[in-house]
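The structure appears below as structure tokens.
The values are calculated or read from the model by the stated rules, or taken from the named source; none is laboratory data. No experiment lies behind these values; they were computed from the predicted model shown. When we count neighbours, we look across all protein chains shown, and the Cβ atoms used for this are built from the backbone with ideal geometry, even at glycine. Calculation scope for accessible area: heavy atoms of the full protein, side chains included, ligands and nucleic acids excluded. Shrake-Rupley method; radii C 1.70, N 1.55, O 1.52, S 1.80 Å.
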Amino acid sequence: MIELEGLTKRFGSKVAVDDLSFTVRPGVVTGFLGPNGAGKSTTMRMMLDLDNPTSGSVRIDGKHYRELQEPLKYIGALLDAKAMHGGRTAYHNLLCLAQANRIPASRVAEVLDTVGLTAVAKKKTKGFSLGMGQRLGIASALLGDPEILMFDEPVNGLDPEGIHWIRNLMKQLAAEGRTIFVSSHLMSEMALTADHLIVIGQGRLLADTSMADFIHQNSRSYVRLRSPQQERLRDVLHQSGLTPVEAGNGTLEIDGATTEQVGELAAEHRIVLHELSSQRASLEEAFMQMTASAVEYHAHSAPGHGPQWAPRDKGA
Amino acid sequence: MTTPYPQQGPHPQGAYDSPIPVRAAHLGDALASEWTKIRSVRSTLWTLGVMIVLMFGIGLLSAVAVSAASPEPPEESVLSLGFFGVLLGSICVITLGVMTVASEYGTGMIRTTLTACPSRARVLTAKALVFFLLVFVITTVTAAIVGALQTAIADAGVSSGEDWFRATVGAGLFVALLGLLSLGVGALIRHSAGAITIMIGVVLLPLVLALFMFSESLREVQEFLLEYSIPSQLGVLYDTPVTGQGPSGWEPLWIMAGLAGAALAAAYLALDRRDV
Ligand SMILES: Nc1ncnc2c1ncn2[C@@H]1O[C@H](COP(=O)(O)OP(=O)(O)OP(=O)(O)O)[C@@H](O)[C@H]1O
Ligand SMILES: [Mg+2]
């Protein structure tokens with residue numbers, strides 16, 4: 001169990017994490033979602049006592065991180081895959097961590113096997129690919145067989161097989177009763193793994209909800225239709241108590257209707273339809289909507305924007 | 001679909017119990033960890049290897065040169081011929097000392113290290129101890145072997161027990177303390193190249209500056225720089241001080257210990273306060 005209370009971090013005048021309070025509970029996978037620069041990594045570094053909070057606190061099973069005697073046995077973390085010494089072998093990188101926490105050396109071989117790096121255990125980690133580095137980071141997180149696991153964007157750089165593997169690993173670890181806290185900027189990824197969801201934007205808490213609730217509330221289903229007789233169609237729909245909304249390109253969208261209902265209505269009034277379909281807003285859209293006002297780094301589409309090299313008075 | 005929080009009754013520690021028992025780790029575990037780190041990187045082998053080669057090479061060549069130049073045995077202890085080898089070798093120790101901490105920042109390993117051992121004091125102490133003992137043993141043993149060979153080549157037979165003690169254990173302690181100073185500076189600067197440059201400046205600059213102080217008004221400053229520069233202090237251990245005054249006997253060791261202690265204390269404070 002990890003409890004955050006009013007956690008705040010400022011870098012100079014920039015507020016990276018703004019008064020965050022939430023609880024990460026055991027036995028479930030908690031997804032930590034936010035766009036680039038939302039403050040996910042900063043929050044995780046503060047949880048591990050690497051960055052000092054400007055104010056607020058983090059408790060791990062009621063204790064401050066520095067009070068943990070052998071922290072690797074409580075909490076394992078994958079922060080960034082490159083947090084190893086490239087000139088050292090995979091085995092020695094893990095061995096020195098194990099020794100610092102009195103973890104038997106035999107455990108090093110075990111976790112290397114778990115992540116599938118046994119064959120390169122004696123190789124310097126400098127030459128590791130992105131995915132191998134990620135696996136080594138996961139091995140170091142698993143080293144102490146901890147009850148809390150924290151992963152910062154674990155699927156970064158993994159191939160589809162690796163992504164599948166880490167998904168199952170997280171589910172299995174949670175099923176064993178462990179606390180899993182995992183960050184991502186992909187809602188679709190979280191929908192597959194997480195049971196609980198915490199969304200932040202510009203350092204502020206935007207949502208703290210169960211995944212099921214989030215899906216229920218945010219996957220709006222609606223009917224989309226196109227017709228050459230739009231004016232008449234609108235009138236007919238209004239008369240039957242439906243409210244079509246113009247959605248561009250001559251399409252209409254109706255919330256809370258079924259295709260059967262709309263199709264029969266059109267047939268009854270002999271209105272030609274060019275399209276009639278049932279739609280579901282993706283979770284990704286819901287996430288983007290939620291964080292739209294909090295996205296820090298907006299991309300600008302290149303075409304139609306004129307020269308992009310003109311100096312801007314404000315940073316992007 | 002999924003139940004968000006399965007009710008698990010009063011389980012303050014969560015439901016999962018690790019089979020690996022949790023005991024209290026202490027400094028000994030951190031020492032084991034740091035020993036693994038220092039012996040599993042190439043830079044240790046390279047820096048200490050080059051130092052040994054320098055001490056042997058320069059020490060033996062100068063002994064051969066001395067014995068060839070004068071057929072009569074020299075008045076002074078031949079052990080003082082070890083001075084230049086140790087002085088040059090100390091550059092290697094400076095490099096290793098800086099790298100011991102700064103390379104962890106360069107690679108990002110420091111985050112992993114501090115996650116495994118959140119006590120900054122314990123990490124720094126373990127690093128300092130392991131590094132100090134390793135350098136002390138290597139330097140002292142090498143100096144002893146080189147000294148014995150020098151005596152055999154250009155036998156003077158005038159080296160007293162005290163001469164021997166200062167040229168081996170004394171030099172070993174001095175170089176190891178200089179290394180600790182570098183380790184502290186490495187932790188403060190957190191950048192290998194920057195910290196190494198600073199340390200080489202600390203060793204060489206006072207002498208170079210003193211050479212250019214012609215003005216009478218600067219005489220005192222010049223003398224101070226000459227007497228207390230790091231090469232001069234090392235020279236004191238070989239009874240070859242640059243000038244008559246300044247530190248004598250074992251004093252250079254106390255001075256160096258003070259400097260190393262101050263750098264480590266500052267490094268500890270910085271490590272404790274700063275974000276990693
Ligand atoms: N050491 C630092 N000094 C100054 N600003 C920082 C520092 N670390 C992070 N920031 C700023 O804090 C904000 C949050 O960064 P953080 O890395 O926590 O975001 P994130 O949610 O992990 O983003 P991403 O999804 O891209 O990994 C960013 O605006 C970043 O520029
Ligand atoms: Mg991040």
**Message:** Going Cα to Cα from A:Lys40, which lysines come in below 19 Å? Please leave out same-chain ones fewer than 8 positions away.
**Reply:** A:Lys9, A:Lys14, A:Lys82
**Asked** Among A:Ser129, A:Ser57, A:Ser184, whose mean-square fluctuation peaks in a Gaussian network model of chain A (Cα, cutoff 10 Å)?
**Response** A:Ser129
**region A:8-105, accessible area per residue, ligands and nucleic acids excluded (1.4 Å, Å²)** = 31
**Added length on full extension, which subtracts the Cα-Cα distance from 0.36 nm per residue, A:Thr114 to A:Glu268** = 49.1 nm
**Item:** Residue among A:Glu268, A:Glu285, A:Glu153 with the largest mean-square fluctuation in a Gaussian network model of chain A, springs linking Cα atoms under 10 Å
**Value:** A:Glu268
**Prompt:** With heavy atoms of protein chains only and a 1.4 Å probe, what residues of region A:201-215 have at least 20 Å² less accessible area in the full set of chains than alone?
**Reply:** A:Ser210, A:Ala212
**Item:** Tensor-based shape of chain B (alpha-carbon gyration tensor, a/c under 1.5 rounded, otherwise prolate or oblate)
**Value:** prolate
**Request:** For region A:220-290, give the percent of accessible area contributed by carbon and sulfur heavy atoms, probe 1.4 Å, rounded to a whole number.
**Result:** 46
**Fill in**
Using alpha-carbon positions, the gyration tensor of region B:215-272 gives root eigenvalues a ≥ b ≥ c; with a/c under 1.5 called rounded, otherwise prolate if a/b exceeds b/c, else oblate, the class is oblate
**Message:** Angle check, please: helix B:42-69 long axis (alpha carbons) against the longest principal axis of chain B (alpha carbons), in degrees 0 to 90, nearest 10.
**Reply:** 10
**Request:** Take the alpha carbon gyration tensor of region B:126-276, find the square roots of its eigenvalues, order them as a ≥ b ≥ c, and report rounded if a/c is under 1.5; if not, report prolate when a/b exceeds b/c, else oblate.
**Result:** oblate
**Request:** Compute the distance in nm between two label points, each set 7 Å from the Cα along the Cα-to-Cβ direction, one at A:Thr54 and one at B:Thr197.
**Result:** 3.3
**region B:197-231: chymotrypsin sites (Phe, Trp or Tyr not before Pro) falling in loop per DSSP and having at most 12 other Cβ within 10 Å** = B:Phe212, B:Phe214
**Prompt:** Averaged over A:86-94, how many beta carbons belonging to a partner chain fall within 10 Å of each residue's beta carbon?
**Reply:** 4
**Item:** Dmax and Rg, reported as Rg then Dmax, of the protein assembly as shown (C-alpha, Å)
**Value:** 33.4, 127
**Asked** If you average the sequence gap of Cα pairs under 8 Å that are 6 or more apart and divide by the length of chain B, what percent do you get for the contact order?
**Response** 22
**Asked** Over all residues in B:104-111, what is the mean tally of Cβ atoms on other chains that come within 10 Å of each residue's Cβ?
**Response** 5
**Asked** Roughly how many nanometres apart are two label points built 7 Å out from the Cα toward the Cβ at A:Asp213 and A:Ser129?
**Response** 4.1
**Prompt:** Taking springs between alpha-carbon atoms closer than 10 angstrom, which of A:Gly31, A:Gly12, A:Gly86 fluctuates most in the Gaussian network model of chain A?
**Reply:** A:Gly12
**Item:** Near-label residues of region A:201-227 by backbone N, under 19 Å of a point 7 Å along Cα→Cβ of A:Gln289
**Value:** A:201, A:206-225
**region A:220-290 - accessible surface per residue (Å², probe 1.4 Å)** = 61
**Request:** Calculate, for B:Leu209 and B:Ala69, the FRET efficiency according to 1/(1 + (r/R0)^6) with r their C-beta to C-beta distance and R0 35 Å; round to the nearest 0.05.
**Result:** 0.60
**Request:** In nm, give the distance between the simple-model label positions of B:Trp46 and A:Asn168, each being 7 Å from the Cα along the Cα-to-Cβ direction.
**Result:** 4.2
**Message:** Per residue of region A:86-101, what does 6.51 cos²θ - 1.76 cosθ + 1.60 with θ = phi - 60° give for ³J(HN,Hα)? Whole Hz please, x for Gly and Pro, Karplus curve as stated.
**Reply:** x, x, 9, 6, 4, 4, 5, 4, 7, 4, 5, 5, 4, 4, 5, 10
**Item:** Interface burial for B against A (accessible surface, 1.4 Å probe, total of both chains, Å², rounded to 100)
**Value:** 4500
**Complete:** With 0.36 nm assigned to each residue of separation and the Cα-Cα distance removed, B:Val53 to B:Leu149 gains 33.1 nm
